[in-house]
Every structure is written in structure tokens, then in C-alpha cells.
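Accompanying notes for the structure given below.
The values are calculated or read from the model by the stated rules, or taken from the named source; none is laboratory data. The model shown is predicted, which means the values in this text are computed figures rather than measured ones. Cβ sites come from the backbone with ideal geometry, for glycine too, and all protein chains shown count toward neighbours. Ligands, DNA and RNA are excluded from the accessible area calculation, which covers all protein heavy atoms including side chains. Shrake-Rupley method; radii C 1.70, N 1.55, O 1.52, S 1.80 Å.
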Amino acid sequence: METVVFVFSFDCCALIFFSVCFIITLSNLECDYINARSCCSKLNKWVVPELIGHVIVAILMLISLHWFIFLLNLPVATRNMYHMILALIND
């Protein structure tokens, strides 16, 4: 079970990539390269895949009894859930 958990937790690399894309898009907004509407549309399409990735990793860590890693992933999954709710409200 532990092998499967840690193989699936490699999607954290993709989640780091999403975070870097968010930062780049927000810096483009700050420098007025893009407007706020296009910034939101670019960022909102990545919120749900990021949430799904974090929830999968958190659930796998919970099932495999890796409590410390689960507790480390829990705030990030909660933050992503908050952003998904905001994205659904704003659309």
C-alpha cells in the first residue's frame, strides 16, 4: 500500500507546477500585461485539477496511516477547496 501511496504522491510535482503558473499569471496581472478578467479565466480553469490532486494525496495518506504527511497536506487541500468555492461563486 505504501508504494502506491508514494507513487500517487508524485503528482505533487504537477501541483508545484500549477503553483508556479499561478504566480506567473498573477505577476503578469500586476505588471498590467493582462487584464483581470483574462487572469481569472486562466487561473479558474486550474483550480479543480489542483483540488482533485491534493484531495487524492490527502486521502491516500489518511488511508495508509501516514498522519504527519496527511496533516501537512490538509491545509493546502483546505485552501484549494476555498478557492474552488470562490471560483464557482464568481462564474
Query raised in the report: How far apart, in nm, are the 7 Å Cα→Cβ label points at Cys13 and Ile59?
Result: 2.4 nm
Query raised in the report: According to the square roots a ≥ b ≥ c of the eigenvalues of the Cα gyration tensor, what is the shape class of region 9-54, taking rounded for a/c under 1.5, prolate for a/b larger than b/c otherwise, and oblate for the remainder?
Result: oblate
Query raised in the report: Of all accessible surface on the chain at a 1.4 Å probe, what whole percent is carbon and sulfur?
Result: 74 percent
Query raised in the report: What is the chain by shape, rounded, prolate or oblate, if you read a ≥ b ≥ c off the alpha carbon gyration tensor as root eigenvalues and call it rounded for a/c under 1.5, prolate for a/b larger than b/c, and oblate otherwise?
Result: prolate
Requested in this report: Work out, step by step, the length gained on full extension between Glu30 and Ile85: first 0.36 nm times the residue separation, then minus their alpha carbon distance; give nm to one decimal.
Outcome: 17.4 nm
Query raised in the report: Where nothing but the Cβ of Lys and Arg (+1) and of Asp and Glu (-1) is charged, how large is the charge dipole of the chain around its Cα centre, in debye to the nearest 20?
Result: 120 debye
Report task. Taking only protein heavy atoms into account and a 1.4 Å probe, give the accessible area per residue of region 43-91 in Å². Result -> 65 Å²
Requested in this report: Pick out, from Leu29, Ile63, Asn80, the residue whose Cα sits farthest towards the positive end of the charge dipole of the chain, with +1 on the Cβ of Lys and Arg and -1 on the Cβ of Asp and Glu.
Outcome: Leu29
Report summary line: Only helices counted: for the chain, with every DSSP H run of 4 or more residues adding -39500 (n - 2.57) and the sum spread over all residues, [θ] at 222 nm is -27500 deg cm²/dmol
Query raised in the report: Applying the Karplus parametrisation 6.51 cos²θ - 1.76 cosθ + 1.60 with θ = phi - 60° to the phi angles of region 59-70, what ³J(HN,Hα) value in whole Hz is obtained for each residue in order, glycine and proline being reported as x?
Result: 5, 5, 5, 5, 5, 8, 6, 8, 5, 5, 5, 4
